[in-house]
Amino acid sequence: MSDHRSNGSGNGPGNPGKADNANPENAKPEKGVSRRSFIKGAGVAVSAVTMLREGLLSPTAAAADAKVAGPGAIAMTLKINGQAHKITAEPRLTLLDALRNNLDITGAKKVCDRATCGACTVLMDGKAIYACTLLAIDAQGHDLQTIEGLSAEGALHPIEAAFVDHDAQQCGFCTPGFVMAAKSFLDAHPQPTREQVTKGFGGNFCRCGTYVGVREAVLDAAGRMRGGRA
């Protein structure tokens, strides 16, 4: 025989006709707002009021300050290699397409178009960037330099000369990107180690595999730029 015993509260297996109020899963939710819910709600409300007062939660103000361009063509001015260039294009135009298609400055190459190969590398305010993923409209107000502006009065820049001397190119399609990346790198690291050079060019790919020549060229160019061999 089974021994059905009560738990002393009139509930449980010994009294199956009544609801098991001792079990939280079977208890009916109380009406009204609990203390925990009230505190949480009050905290959110106070935070929202504070943010509104401080202007941190004001979509109207944010919308008023936002500048909308397009969707049609707009006028832009790009400072490239020390000269101002005016173009009219849609805001979605990338800097790379503006250089190549609108201004016929074709040194930067369009290869991956995904900011992975480095063939489109140019300098913006002295730092190497991928021109394929920067909008031309966002490049306004910055100093841009392409490989066309690297040479002075027709003479090869020390980096370019070193690339030639060390045969650091084959098809040459990636070379402008490597040269501009080298310019930014050597400006920041005038006396680089071989290890620094290897790590410093992880964002530039050469499908021909001329990495050995590139490393030697960059190390040689560092000496030339410091006043060594011309």
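To make sure I understand, if each residue's beta carbon is the centre and we count other beta carbons within 10 Å, what order do Cys208, Cys174, Cys120 fall in, fewest to most?
Result, fewest neighbours first: Cys208, Cys174, Cys120.
Legend: ranking of residues Thr193, Thr198, Thr94 from fewest to most surrounding C-beta atoms inside 10 Å; resulting order Thr193, Thr198, Thr94. Among the listed pairs Lys79/Lys199; Lys67/Lys127; Lys110/Lys183; Lys127/Lys199, a Cα-Cα separation exceeding 22 Å is found for Lys79/Lys199; Lys67/Lys127. Exposure proxy shown here: for Leu99, Leu156, the number of other Cβ atoms within 10 Å sets the order, fewest to most, as Leu156, Leu99. Just how far, in whole angstrom, is region 164-230 from region 70-129 if you go by their alpha carbon centroids? So the two Cα centres are separated by 23 Å.
Read the figures in this text as sums done on the coordinates, not as results from a lab. Quick caveat: nothing in here was measured; it's all calculated off a predicted structure. Glycine gets a Cβ as well: all are built from the backbone with ideal geometry, and neighbour counts include every protein chain shown.
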